[in-house]
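Data first, discussion second: the structure below is written as structure tokens.
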Amino acid sequence: MRSKDKISYFYDGDVGSVYFGPNHPMKPHRLCMTHHLILAYGLHSKMEVYRPHKAYPIEMAQFHSPDYVEFLQRINPENQNLFPNEMARYNLGEDCPVFEDLFEFCQIYAGGTIDAARRLNNKLCDIAINWAGGLHHAKKCDASGFCYINDLVLGILELLKHHPRVLYIDIDVHHGDGVEEAFYFTDRVMTVSFHKFGDKFFPGTGDVKEIGEREGKFYAINVPLKDGIDDSSFNRLFRTIISKVVEIYQPGAIVLQCGADSLARDRLGCFNLSIDGHAECVKFVKKFNLPLLVTGGGGYTKENVARCWTVETGILLDTELPNEIPENDYIKYFAPDFSLKIPGGHIENLNTKSYISSIKVQILENLRFIQH
Ligand code: V1P
Ligand code: CA
Ligand code: ZN
């Protein structure tokens with residue numbers, strides 16, 4: 001362990017007040033709940049808290065096409081009916097609706113991840129946190145799966161200015177397809193996503209056989225899982241794969257996407273992870289003592305998202321948190337037990353020992369082809 005990690009934390013109070021619409025599972029209000037829980041536990045006094053800059057269109061265009069960025073800037077709920085062709089072309093609609101202040105929302109969450117990467121690059125901190133970021137599905141010219149601008153790709157591009165190799169790890173229940181696609185042909189970024197795969201689960205990609213191409217061959221790792229994976233099998237698999245990856249790839253920095261929809265009882269997810277099981281991944285990655293950029297991602301049972309990211313902030317700060325949730329503006333959401341931790345779930349675990357073992361063998365086999 002480093003003697004004392006310096007942590008930069010990014011939050012903008014405006015991010016929690018945007019609204020994707022009735023029945024939409026993505027609730028940015030979860031970010032506000034998370035922040036207030038972090039404050040209630042007094043964690044703000046142990047880290048540097050920053051309001052991120054609003055990412056400029058030119059910064060977004062480091063990855064996205066300028067015409068797509070321009071359209072996001074121009075579109076609003078009042079004029080969207082005038083642009084049916086562009087709405088379809090850029091995949092805006094049901095999953096990725098146009099809502100009030102959409103562009104400003106993108107600027108804030110993308111600005112947070114870019115600022116986080118810059119502070120790490122300038123050695124102003126050891127760990128940087130942006131719970132509003134982690135929108136891993138956005139593509140160069142397309143919105144996808146509640147994601148418009150891919151802040152993770154922008155953050156990684158920033159880290160690549162200072163580091164020859166960056167490792168991206170994604171524990172959201174969905175495949176990190178946008179980040180994988182952005183770096184599919186390069187060996188300068190290794191992407192590793194753990195996700196549910198099969199039964200037409202969104203986005204449908206992330207087979208173990210998707211491994212990268214050309215220079216990037218063997219630098220994309222996919223860990224496709226079935227419903228019901230529990231803490232012990234997930235943590236064992238995570239540790240085995242990530243320790244081997246770090247040993248062989250020797251990254252200069254790590255980006256960890258902590259989507260909380262891999263928790264038990266998530267509205268969209270289907271795993272059995274407890275908060276301790278999820279947080280164990282954060283603890284494990286922190287131990288490598290490499291510059292670490294931590295983001296949020298999915299997470300659709302808001303009170304559990306707030307619990308999870310607060311626990312993980314505590315872990316990054318090496319601070320134990322009492323299990324009884326302190327008084328805060330959103331205390332009523334944590335009724336009836338007001339406890340910080342949630343246990344694992346009990347849906348049937350369809351990941352047999354032999355299935356997990358075969359995935360592990362294929363992944364470790366591919367890692368043998370990497371030069372070191
Ligand atoms: O399944 C689909 C699309 C819609 N069909 C044409 C296929 N979309 C999913 C998108 C999930 C996005 C997850 C994002 C993240 O990885 C990162 C932030 O967590 C979807 C689902 C679902 N159950 O998978 N969209 C919706 N539900 C949805 C429901 C109501 C209103 C709008 C969208
Ligand atoms: Ca994932
Ligand atoms: Zn997700």
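Values for this structure:
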{"read-out": "Label-reachable residues, the stretch 297-311, where backbone N falls under 17 Å from a point 7 Å from residue 17's Cα toward its Cβ", "value": "none"}
{"read-out": "Qualifying aspartates and glutamates (Cα of each under 20 Å from Cα of residue 4; at least 8 residues distant if same chain)", "value": "48, 126, 280, 312, 318, 320"}
{"read-out": "Cα-Cα separations in the stretch 216-372 greater than 26 Å, expressed as whole percent", "value": "31 percent"}
{"read-out": "Surface accessible to a 1.4 Å probe, residue 243 within the full protein complex, Å²", "value": "50 Å²"}
{"read-out": "Accessible area expressed per residue, the chain, with surrounding protein chains retained (probe 1.4 Å, Å²)", "value": "41 Å²"}
{"read-out": "Overall form of the stretch 125-227 per C-alpha gyration tensor (a/c, 1.5; a/b vs b/c)", "value": "oblate"}
{"read-out": "Among beta bridges that DSSP assigns inside the stretch 114-259, antiparallel share in %, nearest 5", "value": "10 percent"}
{"read-out": "DSSP beta bridges in the chain [antiparallel fraction, %, rounded to 5]", "value": "10 percent"}
{"read-out": "Local electrostatic count at residue 74 - Lys and Arg +1, Asp and Glu -1, tallied over other residues with Cβ under 12 Å", "value": "-4"}
{"read-out": "Carbon and sulfur %, accessible surface of the stretch 232-313 computed with the full protein complex present, 1.4 Å", "value": "47 percent"}
{"read-out": "Rel. contact order, % - alpha carbon contacts under 8 angstrom, at least six apart, the chain", "value": "19 percent"}
{"read-out": "Shape call, the chain: gyration tensor on alpha carbons, a/c limit 1.5", "value": "rounded"}
{"read-out": "Overall form of the stretch 1-81 per C-alpha gyration tensor (a/c, 1.5; a/b vs b/c)", "value": "oblate"}
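The values are calculated or read from the model by the stated rules, or taken from the named source; none is laboratory data. Bear in mind the structure is a predicted one, so any value in this text is a computation, not a measurement. Cβ sites come from the backbone with ideal geometry, for glycine too, and all protein chains shown count toward neighbours. Just the protein is used for accessible areas: all its heavy atoms, side chains included, with ligands, DNA and RNA removed. Shrake-Rupley method; radii C 1.70, N 1.55, O 1.52, S 1.80 Å.
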